[in-house]
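For reference, the structure discussed in these notes is given below.
Please treat every number below as a calculation from the coordinates, not as lab data. Source: prediction; values computed, not measured. In this analysis, Cβ positions are derived from the backbone assuming ideal geometry, glycine residues included, and neighbour counts consider all displayed protein chains.
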Amino acid sequence: MITLRSAELFRLQLKARMPFRYGIATMTEVPHVFLRLAFDFGGRTQTGVAADHLPPKWFTKDPNRALGEEIDEMLMIIRTAVAQARAIRAQTPFAFWRAHYDMQAAWAARQNLPPLLAQFGVTLVERALIDAFCRAEGVAFPVALRENRFGFELGSIHPALAGTQPADWLPEQPPAQVFCRHTVGLSDALTDEEIPADERVTDGLPQSLVACIRFYGLRHFKLKINGEAERDQQRLARMAEIFTAECGDDYAFSLDGNESFHEVGVFKDYVTALRATVGDTAFWSRLLFIEQPWHRKVALSPEIGELAAAWPDRPPIIIDESDGELASLPTALALGYAGTSHKNCKGVFKGAANACLLAQRRAQGLPAMMSGEDLSNVAPVAMPQDLVAQASFGITSVERNGHHYFAGLAQFPAALQQLMLGQHPDLFTKSAAGWPRLDVRAGRLTLGSALAAPFGYAGELDLSEIGTESL
């Protein structure tokens, strides 16, 4: 029987090296939290840790709410999720998560809270549970997933998967390397020359798009668009020229609409104009997919299905923010979407089930894809856990932007810095200033040590220097 015994929440305020503009928000600093939970596994007690940013204006995109109000709401969601988890008694990690998910969903419905936001608290408990379970069992996450040690019941999430196991659909071996898909934010400088002197960062890491390509050897990119046609066209045209000059024909990119389009039909006209005015056929042949162009209020409406039927040559389009519930992906696929994204803040077990469903569709000859996305994830916990989940699902191109907008582990205690350098030398290296930074080589990340760890990170975390509260 699995039960939650104790909980602690740690909070650290992180400052960005440069502003990150995404959608309706610009991030200059953000709270980063660690949730440490102790679980009882039938008489054995083991601790697990999860972590994440608290990013305003992503879980709910309300331009009228104060940033502090949204952060307080996320903290309330986490505290509520922990309180709910204390009442659960379950035989398997999957059964624990499912009971927790349903309990939080019922509470959120009474409070009129959107599922994506409400389940964020559940995902943190879930990730800590997975970490604790893998440590208690002495097994790495990819092995536990394939061997179904979590007690997965795929059919309870997607009926089409009834009678199957994760091993029927997921790769036998996760990829040892993944492409680091570099985010180009809406206000990011494309060349060093356009950075004003008083905005230049002097921490030894690259700042502009061109500098990042040369420093990391980047080949995969995620380009933010916001629906302002003329601005987007001009900016994409410049990036197309940069990719040709710096990468030749060896690159690929995705577009992220960040819910910028509130009218369904307008987006088709926007894409048609974009293709006609930016780059050439070779450029557009390297488009991987377009992520969540429509606002969540219309993204899963019947109008999308009507548009898809009238737009047979549309590029692959996936949902992201609209993937708030267990039925979101099947709904999206029925409307003509190509798939969804994965990020751990939307749920690890949910992501695994979605990956299996999409693999089943591919086996049936149907279009289906899952992308790896990011909320500026950083180490020592959130980022490696997310990478391990992505690789275990077979994703080979993963958006990473936390190492670009935050200076590695420079703002974390020395003990955590040394842990990453000592336990994960393939994923981190020392910066010129001495703190660990993500070691992107030839545009790729090497995951060997993270895949071999219980769940993302190895060793024991010393969080004693970070402010904490008991829950």
Residues Ala162 and Ala282, FRET efficiency given R0 of 45 Å [Cβ-Cβ distance, rounded to 0.05]: 0.55
Proportion of all alpha-carbon pairs of the chain beyond 33 Å (%): 33 percent
Linear extension gain, Glu172 paired with Thr272, 0.36 nm per residue minus alpha-carbon span: 32.0 nm
Cα-derived Rg to Rh of the range 383-452, Kirkwood definition: 0.95
Theoretical FRET efficiency, 1/(1+(r/R0)^6), r = Cβ-Cβ of Leu67 and Arg11, R0 22 Å, to 0.05: 0.90
Candidates per trypsin sites (Lys or Arg not before Pro) in the range 184-245, loop by DSSP, up to 15 other Cβ within 10 Å: Arg200
Relative contact order (%) - criterion: Cα under 8 Å, at least six apart; region: the chain: 19 percent
Computed Kirkwood radius, in angstrom, where 1/r is averaged over Cα pairs of the range 169-294: 15.9 Å
Over the range 96-211, volume per residue of the alpha carbon convex hull, in Å³: 216 Å³
Kyte-Doolittle mean at least 0.5 and Cα axial length at least 30 Å: DSSP H helices in the chain: 115-137
Potential lengthening between Ala327 and Glu230 on full extension [0.36 nm per residue; Cα-Cα distance subtracted]: 31.3 nm
Hits among aspartates and glutamates - C-alpha to C-alpha of Lys430 under 13 Å, sequence gap 8 or more where chains match: Asp203, Asp439
Eligible lysines near Lys346 by straight Cα distance, threshold 27 Å, same-chain separation 8 or greater: Lys15, Lys57, Lys61, Lys222, Lys224, Lys297
Mean ellipticity per residue at 222 nm, deg cm²/dmol - from DSSP H runs of n ≥ 4 across the chain, formula -39500 (n - 2.57): -11500 deg cm²/dmol
Linear extension gain, Thr202 paired with Glu465, 0.36 nm per residue minus alpha-carbon span: 92.0 nm
Where labels lie 7 Å past Cα in the beta-carbon direction, separation of Ala309 and Arg214 in nm: 5.3 nm
